[in-house]
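Read through the structure below, which is laid out as structure tokens, and then see the notes.
The values are calculated or read from the model by the stated rules, or taken from the named source; none is laboratory data. What you are looking at is a predicted structure, and each value in this text was computed from that prediction instead of being measured. Backbone-built Cβ (ideal geometry, glycine too); neighbour counts: all protein chains shown.
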Amino acid sequence: MNRELLISYSLCYSGNYQRILNAIRENENVPERYAENAITILDDEYPDKLKDLKYPPFVLYYKGDLNLLHTDMIAVVGSRDPCSYALEATKALIRVNHDKTIVSGMAKGIDACSHSYASRTIGILGCGIDYIYPKCNRELFYRTEKEGLLISEYPSEVKPIAYHFPFRNRLIAALSDKVYIMQSDLKSGTMTTVNAALELGKDIRVLPYDIFHIRGRNNNNLIYEGAQPIRYEEIAF
């Protein structure tokens, strides 16, 4: 196996993990294709943390500064429709962790807030590296491309598909030393990040809520189940 063949498989099968894996196992012949700004699991630049995954991506497409993959990283994730408490706590957390690279999923809400206030950030996409989604994050996309790093296991213009996003979340968990959950719902995409982080033995920190705060119930449930609450000292100067 060589990197050129991995990239050819990835381009041929639009980054679909299982189809690439099948092609590798069967030593399938496909037309040789080339992609700029791509690293493979065989390359030195590929982050070791992703190799701990059950399904490590074979190819990563990127825009921006690859060196950020080798810095101290924390993940900050949460609802696409957060309450004001979650947003303010997120901003405070980012300010305190100004020396860390903030990893999130480029979605609306907590993700967008995390990227926007970070001095260094990595956005992990659930669609092609050239596909801007959601459209409301267009300016954030361009800023992150220029000043931070965008990565995806999906090449070029691959459209966002529902199952891409929970699968994408394993990368957010794997890259980060700690995973901060700012607001979550029981059946939300945030929980797939939590589950991936648990499988990897990551340090999970959860923002606690007033017991009467309906939208904070799942965060409190995570704490009751053993997750560490975010302490005041972690978000205050």
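Points worth noting:
- Within segment 111-130, being assigned to a strand (DSSP E or B) and of a type in the set (Val, Ile, Thr) holds for 121, 122, 124.
- Qualifying residue in segment 151-159 (condition: surrounded by fewer than 18 Cβ atoms within 10 Å (Cβ to Cβ) and either under 23 Å from residue 98 (Cβ atoms) or in contact with a Lys or Arg (Cβ under 9 Å, 6 or more places away or on another chain) (or both)): no
- Condition check for residue 13 on (1) surrounded by fewer than 18 Cβ atoms within 10 Å (Cβ to Cβ); (2) among the aromatic types (Phe, Trp, Tyr); (3) over 18 Å from the mean Cα position of the chain (by Cα): one failure, at (1).
- Considering 197, 162, the condition of being outside the structural domain of residue 52 (by TED's automatic domain parsing) and either closer than 21 Å to residue 97 by Cα or touching a Pro at 6+ places or on another chain (Cβ under 8 Å) (or both) is satisfied by 197 alone.
- If you go through segment 1-26 and keep only what is small (Gly, Ala, Ser) and either more than 17 Å from residue 161 (Cβ to Cβ) or touching a strand residue (DSSP E or B) at 6+ places or on another chain (Cβ under 9 Å) (or both), you end up with 8, 10, 15, 23.
- Restricting segment 1-10 to residues that are over 14 Å from residue 61 (Cα atoms) and hydrophobic (A, V, I, L, M, F, W, C), the residue that is surrounded by the fewest Cβ atoms within 10 Å (Cβ to Cβ): 1
- Tabulated pairs, segment 209-223, first assigned by TED's automatic domain parsing to the domain that holds residue 77, second of a type in the set (Ser, Thr, Tyr), C-beta under 6 angstrom, 6+ apart or interchain: 216/209; 218/184; 219/184; 219/209; 220/209
- Restricting segment 90-106 to residues that are crowded, with 23+ Cβ neighbours inside 10 Å and of a type in the set (Gly, Ala, Ser), the residue that is farthest from residue 176 (Cα to Cα) is 105.
- Criterion violated by residue 211 - all others in (1) more than 18 Å from residue 107 (Cβ to Cβ); (2) among the β-branched types (Val, Ile, Thr); (3) out of contact with any strand residue (DSSP E or B) (no Cβ under 7 Å at 6 or more places or on another chain); (4) crowded, with 16+ Cβ neighbours inside 10 Å satisfied: (4)
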